[in-house]
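This report concerns only the one structure given below.
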Amino acid sequence: MKQIAIVIALCVGAWYFFIGGRKLDEPMVRDYYQKEAHAIYSRDPEALCKQLSRNARIESRTTMMGKTLESSHNRDEACQATRDTFQTFSKVGERMGGILTIEYEYHIDDIEVAPGRKSAVVKGTSVLKMGESLLQYKTSFTQRLERELGQMRLVHADEVTVMRLGGAGAMSQSDFFRK
């Protein structure tokens, strides 16, 4: 009888921790973005993937050299795109003669926590630079975060990105995309 009571207590405790317990708040949202920044600086696409919900949907519009590409990704597609991006960073670094620095900064403009404190809508901007100004992504985003199994996860994102290539003549845009 005592063992059954212990098992029930453990089940209730696990449910409280993972599902019913802690509600999200603004510090948890800010911590999510700090972890994202750390993963980018660490060049760790798997850590970024762990921040996505199983049901994640990412809608994006990327403008580069005057052309805009619209895309929509689920979690698996977004993870693969992130892996590909970091692999591209590595290849560009090799072509430039070494590992290029990555600079990343973000700014949160607004955090709107839902009344039940299970989700939050976050509006902000981010800038990712590689090799100072060789490659630059400027993004405006609106993202919905939710608690999922005790973790903050991105459920939906609507992003607009402008990509710029530069580098003071170190590499032309055609050289950058040549294989």
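Return the aspartates and glutamates within reach of Lys23: Cα separation strictly under 15 angstrom, same-chain partners fewer than 8 residues apart disregarded; answer none if there are no such residues. Result set, ordered by chain and number: Asp31, Glu112, Glu146, Glu148.
Annotation: extensible slack from Asn55 through Glu103 equals 14.4 nm (criterion: 0.36 nm per residue apart, minus Cα-Cα distance). Hey, rough spin-label estimate for Glu77 and Asp31, points 7 angstrom out along Cα→Cβ, what's it come to in nanometres? Placing both labels 7 Å beyond Cα along the Cβ direction yields 3.2 nm. Cα centroids of the stretch 43-67 and the stretch 73-116: how far apart, whole angstrom? The stretch 43-67 and the stretch 73-116 have Cα centres separated by 7 Å. When the Cα convex hull of the stretch 87-155 is projected onto planes of every orientation, the mean area is 6.0 nm². With contacts taken as Cα pairs under 8 Å and at least 6 residues apart, the stretch 42-170 reaches a relative contact order of 26 percent.
Spin-label pair Val127-Ala47: with each label point 7 Å from Cα along the Cα-Cβ axis, the two points sit 2.3 nm from one another. Separation of the alpha carbons by more than 23 angstrom is noted, of Lys2/Lys118; Lys50/Lys118; Lys91/Lys129, for Lys2/Lys118.
Distances over 20 Å make up what percent of all Cα-Cα pairs in the stretch 24-177? Counting pairs separated by more than 20 Å, the tail of P(r) holds 51 percent.
Each reported figure results from applying straightforward, stated rules to the coordinates on display, with no laboratory input. From a predicted model like this one, the values you see are computed outputs, not experimental measurements. Because the Cβ atoms are built from the backbone with ideal geometry, glycine has one as well, and the counts that use them run over all protein chains shown.
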